[in-house]
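Enquirer: Structure below; questions to follow.
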Amino acid sequence: MKLELRGITKTFGSFVANDAIDLVVQPGEIHSLLGENGAGKSTLMNVLYGLYRPDGGQIVIDDEPVSFADPGDAMAAGIGMVHQHFMLVPVFTVAENLVLGHEPTRRGLLDIGAARTLVREISARFGFELDPDALVEDLPVGAQQRVEIIKALSHRAEVLVLDEPTAVLTPHETDELMAIMRQLRDEGTSIVFITHKLREVKAVSDRITVIRRGKVVGEADPSADQAELASLMVGRQVSLAQDKAEAEPGEVALEVTDLRVTDAAGTRVLDGVSFDVRHGEVLGIAGVQGNGQTELSEALLGLEENVHGSARLEGRELVGLSTKQVLDAGVGFVPEDRTHDALIADFSVAENLVLDQHDRPPFGSALAMRLRAIRDNAARLIP
């Protein structure tokens, strides 16, 4: 499938998100859309996917103009999209999410067996390890992304849009995703890869289109150096040289000794983990997905129930404390799934900034929140 976007314009009030953008995606290529956050990349692809109606311009597939009233029209035309924030139903299984909206039936009832078979067939094709009966909410982020990819492919997508797909992935998961992208390309699927990460663009792209402030400002191929791409992306010269001072770690801040965690099935997921973290240093925890990294962070935060061993912060024992007590002791936490585990989408930015402090001065008490103090705090943190 050859895909063309001709003069696509999308506005929100007086704000022009896409300004007469032209883009051509050839059959069987990985075409990267490179740009800063807010450049208009996702908006453009949401227009393509039928989530937004363009205010100007035209979508053309194989030299025929098309118009999408909704994502169903786009999927029927062979367009698939994996959003940065996944569009899955957490309490449904992998198989149920896969067929949601086009459920196979047998004698008038959902044929869940056919859905399971479809999951296994596509998983085997790409070397995924996905249990069709696993609940999506129990899967790590990387596995949830694979469910989204399988779902798009089950609709026979010929053009697959990946919106910032590596934002929530580990380096190992990113490498696996790139291998999948190359396999899809080699099978004839076109990939539109939305990102702002220069190394990934150079590693996987066949062609690159750079968008800045809603406009196409240049095209490049993967041989372009990173400084050139960065300059196109931000509109000024950028130095990529790193001037990193030698770390000078201080005294031990966190001391973890013989930490053991057993899951609900009785499996020992952490077995005798010990390490120190000193003031002024960054300690990396590396490992293939599913080897206990998530359980380690959750154990330190008080989210795991069956925890043994010791974790002492400035001499204070954390094991056995509630999550609130751990946070009050001075531990901060950024989870792998920020949307699901860290933010409340219905709250304002200002309210989200004080989620762990809303019940004490200066932001509130057990009875009420002080909205002016909360807004002033947000204005101070986000000038």
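All of the numbers you see were taken from the coordinates with simple rules; none came from a lab. Keep in mind it's a predicted model, so treat the numbers as computed, not measured. Backbone-built Cβ (ideal geometry, glycine too); neighbour counts: all protein chains shown.
Enquirer: Straight-line reach from residue 215: which lysines have a Cα under 27 Å away, not including same-chain ones fewer than 8 places off?
Expert: Result set, ordered by chain and number: 2, 10, 41, 197, 202.
Enquirer: I'd like the Karplus ³J(HN,Hα) series for the stretch 245-251: coefficients 6.51, -1.76, 1.60, θ = phi - 60°, whole numbers in Hz, and an x wherever there's a Gly or Pro.
Expert: Each residue of the stretch 245-251 in turn: 6, 5, 5, 10, x, x, 6 Hz.
Enquirer: Before anything else, pin down the relative contact order of the chain: Cα pairs under 8 Å, at least 6 apart, normalised by residue count, whole percent.
Expert: 15
Enquirer: To continue, here is another question. What is the Cα centroid distance between the stretch 136-214 and the stretch 317-383, reported in whole angstrom?
Expert: 33
Enquirer: With springs connecting C-alpha atoms under 10 Å apart, model the chain as a Gaussian network and identify which of 75, 181, 369 has the largest mean-square fluctuation.
Expert: Of the options given, 369 has the highest mean-square fluctuation.
Enquirer: Another question, then. Please list, in order along the stretch 266-277, the HN-Hα scalar couplings obtained from phi with the Karplus expression 6.51 cos²θ - 1.76 cosθ + 1.60 (θ = phi - 60°), rounded to whole Hz, x for Gly and Pro.
Expert: Once rounded to whole Hz, the list reads x, 8, 7, 8, 10, 9, x, 7, 9, 6, 10, 10.
Enquirer: For the chain, modelled as a Gaussian network with Cα springs under 10 Å, which listed residue fluctuates most, 267, 294, 195?
Expert: Sorting by GNM fluctuation, first place goes to 267.
Enquirer: How would 223, 42 line up from fewest to most surrounding beta-carbon atoms within 10 angstrom?
Expert: In order of increasing Cβ crowding within 10 Å: 223, 42.
Enquirer: Relative to the compact-globule scaling 2.2 N^0.38 Å, provide the ratio for the alpha-carbon radius of gyration of the stretch 3-234.
Expert: Against the compact-globule rule of thumb, the ratio is 1.02.
Enquirer: What is the distance in Å between the Cα centres of the stretch 300-315 and the stretch 47-108?
Expert: 44
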